[in-house]
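Chemist: Here it is, the structure in full.
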Amino acid sequence: MPHPTEDRNFRLPPSPRPLAYRARLALDLDARAFRGEGSIDLHLDAPAPEIVLHAAELTVARAVVRVGGGERAARVRAVKASDTVVLSFDAPLPAGPASLELAWTGRFCDGLRGLYRAGPLAVTQFEAADARRVFPCFDEPGFKATWKLEVEGLAGQVLLSNSLPESEREEGGRRRVSFRETPPLPTYLVALAAGNLASTSAIDVRGVPVRTWAVPEKLHLAAFGQEVAVEVLPRLEDYFGLPYAFGKLDQLGVPDFEAGAMENAGLVTYREIALLLDPATASLAVKKRVAEVVTHELAHMWFGNWVTMRWWDDLWLNEAFATWIAFKIVDHWKPEWRVWLEFDAGKAAALHLDALASTHPVRSEVHNADEATESFDLITYEKGGGVLRMIEGWLGEERFREGIRLYMRRHGKGNTVADDLWNALAESSGQPVTELANAWIRQGGFPLVRAERAGRTVRLSQRRFLSDPAAMAKGEGTRWPVPVVLRWRDGAGVHEQRHLLRDEAGEVTLPGEGEIRWLVANGGATGFYRVAYDDAGLQALASTIGAQVDLAPAERIALLADGWSLVRAGLASPRAWLDLAARFGDEEDDAVLEELVGRLSAVEHRLDGEPRARFQAFVAALLGPSLARAGWDPAPGEPDGARLRRAALVRALGLVARDPATIREARGRLDRFLAGSATALEPNLHDAAVVMAARDGDAGRFDDLRRRYAAEKDPAFRRRYLLALAQFEAPALAARAQELLLGGEVPLQDSASFAGALLANRTARDPYWKALRERWPEVEAALGGAPMLLRRVVEAVGALPARRHLQEAEAFFAAHPLPAAKQAIAQTTERMRQDVELWERIGGDVAGWLVSR
């Protein structure tokens, strides 16, 4: 019979358990190698003939157990299938305490996992299961233990880990730092960094020293990220009612990084663009993004680090909560930013994904490390966060927070499952939270709530929403307890009432008397569901557009988003949606305009020939007058909302309508900015202006942007110039951009985004799609050490618009299965199929509507 470790889905037995790690690691950055030695204090619940540890690509040279006053050497057998080593003994080890002593060697990883080179640095990225590439360890989140590390590098190098240094010394050209013992941590939160680094001055926040680190030439960009950490850390302490537990907080900008950031206890690592910026030149969107990411990672110090999920099927406990509370805390700090509208944008993307048959529940069954990695997606983060916000809205802020505090107190330093959170919320609120919450996280999808009104009686019904018209026509019997928020206006004003829709249908009689002018069935747009209205209800809501005094911005956004989703599902006419969109020409709110422009851009991407030209003219006529009134230059003291509204209008005219006058103006302002005139181009317009200049740019423009990308220090500008190289539509320049990617000039962290830009480029998409398939082994090899990026490349294929593209993608992925991207392939091909069928179904109606205007 094969040993259990021969199964890829092998899980460690509950005994033995690690209690404390002590490890010494010597790094050689030039040779990309390391050696380690150390011990693990264990407890065995019962006698055991063997100990199984995780170890991947490590050579374990010594394994000895000290137990019962004696010493026993182990036979070491590596098992590749499960990334483990089996340590077997001549006689069973007795129950009780033991100490395992180990010595090992290993090499840096080639990708962006484990211990790897990121430019001049060596850094670690261990989530989900890559600590095993550096330490023999119990590499599952349920095995928390303390860590005491000593790290050795070259003299003069900065060495960082999870805790403060306990002692430091240099001799023989080497530097050794011994770090203080950590609180109990799972292996995925252990972190190391070594190299030439510089930091801001430490700021004391309630006894916690906070520093932000970067490579020296970028340290001047670290002040804003430092400010965010200093501002939000005490707010998080106050929310949880618990002090920060990890002694110090270091933030590190990493030059090459797979994800956005990683919440290692006490040493948070970031992609540089998520941490470093120049406040004088950064757009507000970049500032908001840095603030949200920093707050998200610091929220993990409680939700994930202090209290940790038992296994990866409850990853959402970490990520959904951090997603939700990041917006809550940033909104408390900067209410004028209205960040909840950005939260709604993320929720909308999750709704789009969750409407597919190939979606998955928020809480998904995970069998192995590959499946754990695939769980880092919109469903886990944004849907999970949306469900938490919906539950908070139902319980109320205070009762929800008391439940969170109870959960933290009860499970501190330990591991939990989903019901531990729900039980704490139920106990604090007296409400049936477990029933409500599990219905939302343990099944995929979400409901379509239909609202039909007769007088003051509202009939509500629900059915599962699927974006496939055939599936919607067939019907699907899933039900949810839906916390519906009804908001309406009558002669006495605007009112709100909550109703829990448990069954397929129900009726609500609204209090008051007289005529109801309009009714919203997702008040505040906080519910994770779509809404369909009867014709009269929809017309009543549409009639409010333009007045902009009744419907909140989030509700106007939902009206547009829900309307288009109903078109996709075959439940509404595209003409009716276009009529609705045409009412938004005078929209004053920047977030609503962002939604409108995004929807219009998606339509323009699918049109060709005369319909495309007519559609571009429609967009220009709709929003051109608003841009003419707003102008290009901000007035003194102009609020952020006005600047963002102007930016949305510029994108609409320049990138969707392709208005020649707008493009000329943007290009001229960009040239003056690049020549040194800082005021020529307002920061929020820079992204769109660079893309406009690139699309019809010549070889000189291509070479200039390439040079600027290579020399730029600011991560946002650097990435902007890089991705602009994938936007050139001249065939020869599109081919040059393709070779930049396939030739390895694009950094690994940006490769998926660059590929996505090429696949969305009308000129570049077909040549690159052909080259991508022909050179797939090279792509797969390059991204094998960054599976998250490999999935993003798969998802980017979804931008290809034609049926032949769909057929080619289905055939290609069938011939090239990717276990680490199985879910992404299913979702991408399903989405492509629906997009193709949608435009085959509605293309004629859209063209007819455009002709009739």
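Chemist: Out of the DSSP beta bridges found with both residues in the chain, what percent are antiparallel (nearest 5)?
Modeler: Taking every DSSP beta bridge with both residues in the chain, the antiparallel ones total about 80 percent.
Chemist: Subtracting the Cα-Cα distance from 0.36 nm times the residue separation, let me have the gained length for Ala536 to Asp419 in nm, one decimal.
Modeler: 37.9 nm
Chemist: Distances longer than 20 Å among the Cα atoms of region 281-366: what percent of all pairs is that?
Modeler: 44 percent
Chemist: Give the angle, between 0 and 90 degrees and rounded to the nearest 10, that separates the Cα long axis of helix 340-354 from the longest principal axis of the Cα atoms of the chain.
Modeler: 80 degrees
Chemist: Hey, can you grab everything whose amide H is under 5 Å from the amide H of Ala48? Only 5+ residues off in sequence or another chain; H modelled, so Pro and N-termini drop out.
Modeler: Leu93
Chemist: Give me the percent relative contact order of region 731-843, please, defined on Cα pairs under 8 angstrom at least 6 residues apart.
Modeler: Here the relative contact order equals 25 percent.
Chemist: What percent do you get for the relative contact order of region 435-564 when only Cα pairs under 8 Å and 6+ apart count?
Modeler: Here the relative contact order equals 26 percent.
Chemist: Continuing with the same structure: Of all accessible surface on region 489-612 at a 1.4 Å probe, what whole percent is carbon and sulfur?
Modeler: Carbon-and-sulfur percentage of accessible area, whole number: 45.
Chemist: By how many degrees, between 0 and 90 and to the nearest 10, does the Cα long axis of helix 751-760 differ from the longest principal axis of the chain?
Modeler: Once rounded, one gets 20 degrees.
Chemist: Separate question: Kindly rank 647-654, 539-546, 519-526 from highest to lowest mean number of other beta carbons found within 10 Å of each residue.
Modeler: Output ranking for 647-654, 539-546, 519-526: 647-654, 519-526, 539-546.
Chemist: Output the peptides 829-837, 322-330 sorted from most to least packed, where packing is the average of other Cβ atoms within 10 Å over each peptide's residues.
Modeler: The peptides rank, most packed first, as 322-330, 829-837.
Chemist: So how compact is region 518-625: Cα radius of gyration and Dmax in angstrom?
Modeler: According to the Cα coordinates of region 518-625, Rg and Dmax are 13.7, 40 Å.
Chemist: Now for a separate question. Compute the whole-percent fraction of alpha carbon pairs in region 1-149 spaced more than 21 Å apart.
Modeler: 42 percent
Chemist: OK, next. Dividing the Cα radius of gyration by the Kirkwood radius, what Rg/Rh value follows for region 319-387?
Modeler: 1.05
Chemist: In µm²/s, what is D for region 410-484 at 25 °C and 0.890 mPa s, where D = kT/(6 pi eta Rh) by Stokes-Einstein and Rh is the Kirkwood radius from Cα pairs?
Modeler: 163 µm²/s
Chemist: How would you rank 796-806, 60-70, highest first, on the average number of other Cβ atoms within 10 Å across their residues?
Modeler: Going by the mean number of other Cβ atoms within 10 Å, highest first, we get 796-806, 60-70.
Chemist: Follow-up. Kindly work out what percent of the DSSP beta bridges joining two residues of region 160-263 are antiparallel, to the nearest 5.
Modeler: Restricted to region 160-263, the bridges split so that about 75 percent are antiparallel.
Chemist: Can you give the alpha-carbon Rg of region 188-268 over 2.2 N^0.38 Å, where N counts its residues?
Modeler: Normalised by 2.2 N^0.38 Å, the Cα Rg of region 188-268 equals 1.10.
Chemist: On to the next question. So for the pair Leu674, Glu171, with labels modelled 7 Å out along Cα→Cβ, what separation do we get in nm?
Modeler: Simple spin-label model gives 5.6 nm for this pair.
Chemist: Quick query: amide H of Ala118 versus all other amide H atoms, modeled in the peptide plane; which residues come in under 5 Å with a sequence gap of 5 or more or a different chain?
Modeler: Long-range HN contacts for Ala118: Val123.
Chemist: Evaluate Rg over Rh across region 579-678, taking Cα atoms for both radii and Kirkwood's formula for Rh.
Modeler: Checking Rg against Rh, the ratio lands at 0.99.
Chemist: Then there is this: Leaving out ligands and nucleic acids, note down the accessible area per residue over the chain with a 1.4 angstrom probe, in whole Å².
Modeler: Ligands and nucleic acids excluded, the figure is 36 Å² per residue.
Chemist: Given a cut-off of 24 Å, what percent of all Cα-Cα pairs of region 595-741 lie beyond it?
Modeler: 34 percent
Chemist: Run the numbers on the chain and let me know its relative contact order in percent, using alpha-carbon pairs under 8 Å that are six or more apart.
Modeler: Computed value for the chain: 8 percent relative contact order.
Chemist: For region 146-232, state the semi-axes of the equivalent ellipsoid (square roots of 5 times the eigenvalues of the alpha-carbon gyration tensor), sorted largest first and rounded to whole angstrom.
Modeler: With the √(5λ) rule applied to region 146-232, the semi-axes are 23, 19, 11 Å.
Chemist: To the nearest 10 degrees, how steeply does helix 699-711 sit against the main Cα axis of the chain, on a 0 to 90 scale?
Modeler: So the helix axis and the longest Cα principal axis differ by about 40 degrees.
Chemist: Scan around Leu154 for amide H atoms under 5 Å from its own, H built in the peptide plane at 1.01 Å from N, and keep only partners 5 or more places away or cross-chain.
Modeler: Arg175
Chemist: Right, something else. For n ≥ 4 DSSP H runs only, could you compute -39500 (n - 2.57) per run for the chain, divide by its residues and tell me the 222 nm figure to the nearest 500?
Modeler: Value at 222 nm, helices only, nearest 500: -13000 deg cm²/dmol.
The values are calculated or read from the model by the stated rules, or taken from the named source; none is laboratory data. Source: prediction; values computed, not measured. Cβ atoms come from the backbone with ideal geometry, glycine included; neighbour counts cover every protein chain shown. Calculation scope for accessible area: heavy atoms of the full protein, side chains included, ligands and nucleic acids excluded. Shrake-Rupley method; radii C 1.70, N 1.55, O 1.52, S 1.80 Å.
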